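Input: a single structure, listed below in structure tokens.
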Amino acid sequence: MDGATARRGTTTMLDAVDWRVELDERWVVLGPNGAGKTTLLRLAGAELHPTSGLVYVLGERMGRVNVFELRPRIGLTSANLGIRIPGDEKVSDVVVSAGYGVLGRWREEYENEDTGRAYQLLDQLGMGALAGRAYGTLSEGERKRTLIARALMTDPELLLLDEPAAGLDLGGREDLLVRLSDLAEDPYAPASVLVTHHVEEIPPGYTHGMLLRDGKVVAAGLLDDVMTAEPLSETFGLPLTVERRAGGRFTAYRRR
Ligand SMILES: Nc1ncnc2c1ncn2[C@@H]1O[C@H](COP(=O)(O)OP(=O)(O)OP(=O)(O)O)[C@@H](O)[C@H]1O
Ligand SMILES: [Mg+2]
């Protein structure tokens, strides 16, 4: 992104963001509610055009590329996608239908090869036993894992995860974190950008961080430089102490 700005009416959702993500990098984006994180992901996912500035996605310049050709190369999960999935949709179909860019299996007949890949991904995310269940019967954590399998179905070159751990209990979060961490450490996994509200939810293996506040970048760079007291305190507007524990996990709390 080169001065990427997104406005809607009088609201500046994202303000002149310069950002570059390399294929072997895994980024985490943090910032308060309304900071522009989802907007940033929508620009990166070719779902939104910048009002001004330049956005290149997988080397293609937005505005000059057919986004319908670009989108299958990007895996995206968000709460917004989750609520659009019909409750009676079979879990394996939620995943396999990603290859066709549709929600709902009834429109297409899928190849066995695709079904095999869907089962393999579900298995990898610990969802193998639930592949035949209806999506609506899954727990929140199981839904998140299904959506991640769906995002990976097309073998994307870029993976965008908007708050994948939101709403999970401690066990569900820790389980998801291990799986995201394994994915981050897989050299064949796609470049990834993960949005979260909590430094505790940064999966080990993530390499870079961006802090956003009021649509502007407060800090961006290597995780160890960015996830420190000063930039995080500035981002959230309160004095924070930040620690990185053995095993690569972060924790932050208010200084008093
Ligand atoms: N379609 C829209 N029309 C007008 N304003 C919008 C629109 N979409 C987002 N905004 C505004 O842009 C700003 C950034 O929103 P965005 O969803 O990117 O924030 P966020 O960092 O993802 O927040 P959260 O942590 O709550 O998900 C907010 O002030 C929001 O109200
Ligand atoms: Mg958001």
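Structural remarks
- Choice from LEU211, LEU130, LEU30 showing the highest fluctuation, given a GNM over the chain with Cα pairs closer than 10 Å: LEU130
- Calculated FRET value between GLN120 and GLU22, using beta carbons and R₀ = 41 Å, to 0.05: 0.90
- When the Gaussian network model of the chain links Cα atoms closer than 10 Å, the mean-square fluctuations of ALA16, ALA129, ALA149 top out at ALA129.
- Per-residue ellipticity at 222 nm from helix content only, as computed over the chain with -39500 (n - 2.57) for each DSSP H run of at least four residues, stands at -8000 deg cm²/dmol.
- Spin-label model, THR251 to GLU230: label points 7 Å out along the Cα-to-beta-carbon direction sit 2.5 nm apart.
- The share of accessible area on region 124-221 that comes from carbon and sulfur is 49 percent, using a 1.4 angstrom probe.
- Solvent-accessible area per residue in region 131-183 equals 37 Å², computed with a 1.4 angstrom probe and all protein chains kept.
- Diffusion of the chain by Stokes-Einstein, at 10 °C in a medium of 1.306 mPa s and with Rh set to the Kirkwood radius over alpha-carbon pairs, works out to 84 µm²/s.
- Sulfur and carbon atoms: percent of accessible area, region 49-102 [1.4 Å]: 50
- In region 162-256, chymotrypsin sites (Phe, Trp or Tyr not before Pro) in a DSSP loop with at most 15 other beta-carbon atoms within 10 Å: TYR188
- Summed over the residues of region 7-80 and divided among them, the accessible surface reaches 53 Å² per residue at a probe radius of 1.4 Å.
- Estimated translational D of region 108-256 in µm²/s (Stokes, Kirkwood radius over Cα pairs; 37 °C; 0.692 mPa s): 195
- Once exposed loop GluC sites (Glu not before Pro) are cut out (DSSP; at most 12 other Cβ, 10 Å), longest piece of the chain: 112-256
- When region 37-172 is reduced to its Cα atoms, the Kirkwood hydrodynamic radius in Å: 15.5
- The residues packed around LEU122, meaning those with a beta-carbon under 12 Å from its beta-carbon, carry a net charge of +3 if Lys and Arg are +1 and Asp and Glu are -1.
- Loop-located trypsin sites (Lys or Arg not before Pro) across region 33-75 with a Cβ neighbour count of 11 or fewer within 10 Å are ARG64, with loop assigned by DSSP.
- Antiparallel %, DSSP beta bridges [both residues in the chain], to 5: 55
- Cα centroid separation - region 166-227 against region 1-32, whole Å: 16
The values are calculated or read from the model by the stated rules, or taken from the named source; none is laboratory data. Because the structure is a prediction, the values reported are computed rather than measured. With ideal geometry, Cβ positions are generated from the backbone for all residues, glycine too; neighbour counts draw on all protein chains shown. Each accessible area value is taken on the protein alone, full model and side chains, heavy atoms only, with ligands, DNA and RNA left out. Shrake-Rupley method; radii C 1.70, N 1.55, O 1.52, S 1.80 Å.
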